[in-house]
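K.L.:
I have a structure I would like to understand better, so I am pasting it below and will then ask my questions one at a time.
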Amino acid sequence: MMSKMDEIFKRVLNDKDIFWIKKDIFNEAEWNELKKAKNNHSDFTKIVDSKIKSLENEMSNISYRNKKDIEEAIKLCNGLKSAVKDKYNFLCQMLDVLKSFGVVQPNLPNMDDYGKVIERYRITIIEQFFLEKIQKENKHRKKALKKVLEYVKELYSANLSPLEIAYFVRKLDSLTVFWEV
């Protein structure tokens, strides 16, 4: 059985309001195909190589601004290929936790202050802090912060330690490294 923190971690990583996918590399169906091929290195590599080829073809037909995202996508694909040999356990964790794979960008501000408030105050103060900060943010960050607040409430209702919750919230904006292999 999965702990509440692990469950929330998985939901946060797959929440497109929190982690916006700038460039979709493997949609859910393709990602599931990779999951099935993880134990067969040659099949896994063929799938990733095929994706790299399609990304390279796509790059020749688009503007400069989008080329950076495709270059990053190709870099991530190459990381997946090397992970099947060098970082297999991490790759398996990625395949299990993520529903799809792409170049992501967090829609969150720096979360240190949120973590400090969670460490020091009760949930009513935390809610008020979040709500005040949400009012000052742009549309995408508002959505993301509202979702984070809901996850925080859920963790509190599961009786997790405020220190654990604070640490988790502080690290949210840095979770983009989870997509980097």
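K.L.:
Could you run through segment 1-49 and say how many residues are free of Cβ contacts under 8 Å to residues at least 12 places away in the same chain and either in a loop (DSSP other than H, G, I, E, B) or open to solvent by less than 30 Å² (accessible area, probe 1.4 Å) (or both)?
P.N.:
Adding up the residues that qualify gives 7.
K.L.:
Answer yes if at least one residue in segment 63-70 is surrounded by 15 or more Cβ atoms within 10 Å (Cβ to Cβ) and on the phi < 0 side of the Ramachandran plot, and no otherwise.
P.N.:
Yes, there is a match, as at least one residue in segment 63-70 is surrounded by 15 or more Cβ atoms within 10 Å (Cβ to Cβ) and on the phi < 0 side of the Ramachandran plot.
K.L.:
Considering only residues of segment 147-162 that are in a helix (DSSP H, G or I) and touching a residue at least 40 places away in the same chain (Cβ under 8 Å), which is nearest to Tyr114 (Cα to Cα)?
P.N.:
Val148
K.L.:
Right, here's the next one. Return a yes/no flag: does segment 74-86 have any residue that is among the hydroxyl-bearing types (Ser, Thr, Tyr) and touching a residue at least 40 places away in the same chain (Cβ under 8 Å).
P.N.:
Checking segment 74-86: at least one residue is among the hydroxyl-bearing types (Ser, Thr, Tyr) and touching a residue at least 40 places away in the same chain (Cβ under 8 Å).
K.L.:
Testing Leu76 on (1) open to solvent by 100 Å² or more (accessible area, probe 1.4 Å); (2) assigned to a helix (DSSP H, G or I); (3) not β-branched (Val, Ile, Thr), one condition comes back false. Which one is that?
P.N.:
(1)
The values are calculated or read from the model by the stated rules, or taken from the named source; none is laboratory data. Owing to the predicted nature of the structure, the values given are computational and were not obtained by experimental measurement. Cβ coordinates were reconstructed from backbone atoms using ideal geometry, including for glycine residues, and neighbour counts include every protein chain displayed. Heads up: the accessible areas ignore ligands, DNA and RNA and are worked out on the full protein's heavy atoms, side chains in. Shrake-Rupley method; radii C 1.70, N 1.55, O 1.52, S 1.80 Å.
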